[in-house]
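Take a look at the structure set out below.
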Amino acid sequence: MRSIVLKSGFEIFDTCRAYGLAQLLHCLTRGVVAPVIRDAGQAFVIELQPAAAFSDLAKSEEWHAVLGQEAWQQVFLTYKARWTEQREKVRAVIEKKLQTILTDSRGGLSAELDGPCTLPGPLEPGAFKGLKGVTTTAYNEAATAVDEINWALACLGAVVAQRYRAQKVSGKWEYYVTLPIPALVRFSDFHAIRELVYGHSLAYHGLSNAVAHFSVMLAEAIRQRAAGNPSLPLQFSGVLYFSLFPSGNQFKPAAGGVFQMGGLIALALSGRPGVAEAFATWSYLFRRGSVQGNEDLAEAITEFVMAPSLESYYRHARVFLRYVTDRRKGVKQDNLYTEDALREVMNYAA
Amino acid sequence: MPPEPLTLPTAYADPAVKAFGTALRAALSFGNDYASLMDFENAETPEAFAEAVKKFLRRNYQSGSKPSATDLERLMTMAATPHDVRVLRAAIISYGLARWDKKATEGKEEKS
């Protein structure tokens, strides 16, 4: 069975819809058969084995487990205490319109951008109300509203796939949100990776630092998962990210973008022995850099991971060497690169 | 056909760079020779790089890890352009980031 999610142009919204539909199919098969998400350019294609039997969604334990997740509160952050109402609305739409979702998705599920459901800003920052482009007539635009099926699937996908990291900055809470873009991902593998990656976070020194650490953890989890299984269909093309900051009583989007992680994935799937050691040292650098006073270490490794080049490598090497040579810093030999790892890191920079 | 530009992995694997990299690492660990590190880090041109190398050798002429004349000659040949210098200084200081047998090197330094 093949389901298609046609892209609307809102990248985060589209990616969440794909994850949402995959999660729904996963729940319908009670987790027995894992759908595979593939990015086909203009659409996400979700494939399921033809023999997969669907069970009653309302009785599916997987469905109840998803509804019980904590991330709903973050997706509906702007609704404050009323986030539970929105979650119930998602449940009601999906349970009520299940057959329509399954039928429509076979031909290609396209989103209507003038529907009745307001897209939550913490799901897709492009959906926030406000000035979105150059205009001579109106000085603001309303929040983006979509049809209820795509709204519900996107919310479900955001709960499953977006990582919300709350961070206190100058006495106020900010959120750093990251979402991996699936290139070819079996959903069961995604869940396994989610277990390995989403729960771990540090005290970050900014959005880029959070994205770089998340991407390195993701690449390391893919490497672990792919070890001994080179044909594993598990590839992410990038990581979408944005931050939310409190403005008065409301949260508003700040910086955002996409980190293309082709280089990291290629490194992770290369199967060469030094890669694991290189990731171990990077992991140490992120951990060490998260401590107050070591911001330069975190900034240097972040810059190197996000934009590898001779210059960023040199900056990282200079800063790291200061820590290595300073006995008071106490960098242990085990946290240094091995010769093989250093070669891998240099190839990543080249 | 013009020669291929020097790359970081190629430079790092070169024996002359290795000799200077390990010597600088020993000088930093046992002699606190941060002046040489600064000289290498600030070198942008082949002339400044040659000066940094000269000062480094002068400061560490008694070191057991001192590079040979062949290494010196080869390193100077490699440092032909400002790009080569940027690659070489990155490759040399990288030896300080790699695990190494500190005790064995310490013994060598004491003997000299």
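The values are calculated or read from the model by the stated rules, or taken from the named source; none is laboratory data. As the structure is a prediction and not an experimental result, all values here were calculated from the model. All Cβ positions, even for glycine, are placed from backbone atoms using ideal geometry, and neighbour counts span all protein chains on display.
Brief remarks follow.
- Only one entry of A:GLY107, A:GLY157 meets the criterion of being in contact with a Lys or Arg (Cβ under 7 Å, 6 or more places away or on another chain) and modelled with pLDDT of 85 or more, and that entry is A:GLY157.
- Pick from the stretch B:3-26, criterion at the interface with another protein chain (Cβ under 10 Å from one of its Cβ atoms) and of a type in the set (Gly, Ala, Ser), ranking: surrounded by the fewest Cβ atoms within 10 Å (Cβ to Cβ): B:ALA13
- Positions within the stretch B:42-54 being surrounded by fewer than 18 Cβ atoms within 10 Å (Cβ to Cβ) and either in contact (Cβ under 8 Å) with a residue 24 or more places away in the chain or of a type in the set (S, T, N, Q) (or both), in sequence order: B:ASN42, B:GLU44, B:THR45, B:PRO46, B:ALA48, B:ALA50
- Verdict on A:VAL275 being aliphatic (A, V, I, L, M) and either within 14 Å of the chain's Cα centre (by Cα) or not assigned by TED's automatic domain parsing to the domain that holds A:VAL331 (or both): no
- Output for the stretch B:50-84, where each listed residue is within 21 Å of A:ARG322 (Cβ to Cβ) and either within 14 Å of chain A (Cβ to nearest Cβ) or charged (D, E, K, R) (or both): B:LYS55, B:ARG59
- Qualifying residues in the stretch B:49-62 (those that are over 11 Å from B:SER36 (Cβ atoms) and in a loop (DSSP other than H, G, I, E, B)) - the one modelled with the highest pLDDT: B:TYR61
- Among the residues of the stretch A:326-350, those identified as surrounded by 17 or more Cβ atoms within 10 Å (Cβ to Cβ) and polar (S, T, N, Q) are A:ASN335, A:THR338, A:ASN347.
- Some residue of the stretch A:24-46 being in contact with a helix residue (DSSP H, G or I) (Cβ under 6 Å, 6 or more places away or on another chain) and of a type in the set (Gly, Ala, Ser): yes
- For the stretch A:69-112, the tally of residues that are touching a Ser or Thr at 6+ places or on another chain (Cβ under 7 Å) and of a type outside the set (Ser, Thr, Tyr) stands at 2.
- Scanning the stretch A:294-324 for residues that are facing chain B (nearest Cβ under 8 Å) and among the β-branched types (Val, Ile, Thr) yields a single hit, A:VAL324.
- Taking residues in the stretch A:325-347 that are more than 7 Å from chain B (Cβ to nearest Cβ), and partners anywhere that are outside any helix (DSSP H, G or I), the pairs with Cβ atoms closer than 6 Å and at least 6 places apart or on different chains are A:ASP340/A:PRO273.
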